[in-house]
Amino acid sequence: MRPMRPAPAPGGPPGLFRRAHLALGTLVELQLHADDQIQASRAMRSACAVLDRIQAAMSAHSPHSDLARIARATPGSLLRVDCHTTAVLRRARHWHRASGGRFDPRVGAALAARGLRPGLARGEAAWAHDLDAVCIEDDTHLRVHQPLALDFGGIAKGHAVDCAVLALQEAGIASGLVNAGGDMRAFGPCSWPLTLRLPASALASCRPSALPGWLRRGLHDAALATSRPNQDLSWSHGRPGRAGQAQSPRLVCVLARRCIDADALTKALLVSRRLPPGLLQQAGARGWRMDVEAR
């Protein structure tokens with residue numbers, strides 16, 4: 001899913017500035033309206049700094065990240081971590097419980113065993129299976145009762161998008177969009193038309209009229225996350241399809257107020273069409289799956 005040039009509201013600011021920044025395993029696209037190049041550049045630097053900070057804290061590929069330190073921690077130790085790590089852990093726990101385990105940040109163990117998360121060096125410690133093995137003491141401290149292999153690939157990117165949006169707003173930007181490889185959030189008066197890109201094999205089964213109205217209308221002051229099973233390694237490897245499942249999703253989209261919630265909920269929809277009652281409503285969200293018959 002990609003945004004196109006926005007349709008500005010009457011009286012909206014005329015200057016549209018763009019920047020691409022490599023972070024979070026993808027090319028993050030920043031688009032914003034600003035009074036001039038100086039304001040735009042300052043705002044973009046702030047947003048990119050936040051993206052880099054979150055990547056450093058929660059990369060399961062880096063041995064220096066907070067996630068790597070949690071995986072190697074001595075039982076009973078107190079770790080000082082980035083406040084972003086604590087915020088994502090809180091939200092990950094919430095969606096894990098609310099979704100009945102459909103969203104599962106514990107997939108780090110399975111991915112590390114396949115060599116896909118090199119930062120989660122196991123060492124001699126046995127990893128816990130319970131998220132409560134790591135307790136939040138305060139915004140920057142975690143008590144690790146037993147090492148835990150966490151992978152936030154299904155939620156941290158959404159959090160990073162939200163934080164980048166906040167950085168732009170704090171820099172005085174009133175309208176813009178942050179797109180991190182399909183996880184995006186728009187703010188301000190502009191409406192951003194969306195382009196849906198699918199494999200050629202899927203085009204025949206997905207005509208524009210089959211898309212939900214909220215997806216055809218574009219993105220306005222909201223967040224949208226998209227996921228595909230072969231694109232999202234954390235869930236294609238960590239949560240295989242259930243036995244007897246008649247269909248598998250080709251694409252999942254979730255619209256929500258915040259990108260962190262939209263990101264996590266796409267993973268729940270990848271696992272199951274049937275979510276717990278009221279799950280999407282908790283985030284003011286709407287979800288859509290394009291399914292294909294399993295062979």
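Of all residues in segment 67-84, which are in contact (Cβ under 8 Å) with a residue 60 or more places away in the chain and within 18 Å of R117 (Cα to Cα)?
Listed by number, the residues that qualify are L67, I70, A71, R72, A73.
Yes/no matrix, rows are residues, columns are (1) modelled with pLDDT of 90 or more; (2) closer than 29 Å to F152 by Cα:
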residue: L198; (1), (2): no, yes
residue: S205; (1), (2): no, no
residue: R217; (1), (2): no, no
residue: D221; (1), (2): yes, yes
residue: Q231; (1), (2): no, yes
residue: W235; (1), (2): no, yes
- Message: As an exercise: evaluate M44 against (1) assigned to a helix (DSSP H, G or I); (2) under 18 Å from L142 (Cα atoms); (3) not β-branched (V, I, T) and give the number of the one condition it does not meet.
- Response: (2)
- In segment 86-111, anything assigned to a helix (DSSP H, G or I) and without any contact (Cβ under 8 Å) to a residue 40 or more places away in the chain is listed as R93, H94, H96, R97
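Across segment 151-173, which residue is surrounded by the fewest Cβ atoms within 10 Å (Cβ to Cβ) among those that are outside any helix (DSSP H, G or I) and at pLDDT 95 or above? Steps first, please.
Step one: list which residues in segment 151-173 are outside any helix (DSSP H, G or I), which gives 151-155, 171-173.
Keeping just the survivors that are at pLDDT 95 or above gives 151-152, 155, 171-173.
Values: D151: 29, F152: 28, I155: 30, A171: 18, G172: 11, I173: 26.
Restricting to residues being outside any helix (DSSP H, G or I) and at pLDDT 95 or above, the top hit is G172.
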- Query: Is it the case that some residue within segment 65-78 is outside any helix (DSSP H, G or I), at pLDDT 95 or above and crowded, with 18+ Cβ neighbours inside 10 Å?
  - Reply: yes
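So if I check each of D52, D66, which one is touching a helix residue (DSSP H, G or I) at 6+ places or on another chain (Cβ under 8 Å) and acidic (D, E)? Lay out the reasoning, then the answer.
Working: D52 fails: touching a helix residue (DSSP H, G or I) at 6+ places or on another chain (Cβ under 8 Å).
None of the other options fit; the residue is D66.
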- Query: What number of residues in segment 249-285 are at pLDDT below 95 and assigned to a strand (DSSP E or B)?
  - Reply: 5
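Would you say R242 is assigned to a loop (DSSP other than H, G, I, E, B), over 14 Å from the mean Cα position of the chain (by Cα) and at pLDDT 75 or above? Walk me through how you get there before you give the answer.
Values: assigned to a loop (DSSP other than H, G, I, E, B): yes; over 14 Å from the mean Cα position of the chain (by Cα): yes; at pLDDT 75 or above: no.
Considered against the rule, which asks whether it is assigned to a loop (DSSP other than H, G, I, E, B), over 14 Å from the mean Cα position of the chain (by Cα) and at pLDDT 75 or above, R242 comes out as no.
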- Condition set among the charged types (D, E, K, R) and under 21 Å from the mean Cα position of the chain (by Cα), scope segment 135-158, selection nearest to G182 (Cα to Cα): answer is K157
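How about segment 250-285: which of its residues are crowded, with 17+ Cβ neighbours inside 10 Å, of a type in the set (D, E, K, R) and under 17 Å from the mean Cα position of the chain (by Cα)?
Narrowing segment 250-285 to residues crowded, with 17+ Cβ neighbours inside 10 Å: 250-256, 258-272, 275, 279-280, 283, 285.
Those still in the list that are of a type in the set (D, E, K, R) too: 250, 258, 261, 263, 267.
Residues satisfying the conditions are R258, D261, D263, K267.
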- Of the residues D82, D104, which single one is surrounded by fewer than 20 Cβ atoms within 10 Å (Cβ to Cβ) and in contact with a Lys or Arg (Cβ under 8 Å, 6 or more places away or on another chain)? D82
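Counting just the residues of segment 134-150 that are surrounded by fewer than 18 Cβ atoms within 10 Å (Cβ to Cβ) and either in contact with a His (Cβ under 7 Å, 6 or more places away or on another chain) or not polar (S, T, N, Q) (or both), which one comes out nearest to H84 (Cα to Cα)?
The first filter runs over segment 134-150 and keeps only residues surrounded by fewer than 18 Cβ atoms within 10 Å (Cβ to Cβ), leaving 135-141, 143, 145-146.
Among the residues that remain, those that are also either in contact with a His (Cβ under 7 Å, 6 or more places away or on another chain) or not polar (S, T, N, Q) (or both) are: 135-139, 141, 143, 145.
Numbers: C135: 15, I136: 12, E137: 14, D138: 12, D139: 8, H141: 11, R143: 16, H145: 21 Å.
Only one residue fits best here, namely D139.
The values are calculated or read from the model by the stated rules, or taken from the named source; none is laboratory data. Values in this document were obtained by computation on a predicted structure and should not be read as measured data. Note that we place each Cβ from the backbone using ideal geometry, even for glycine, and neighbour counts take in every protein chain shown.
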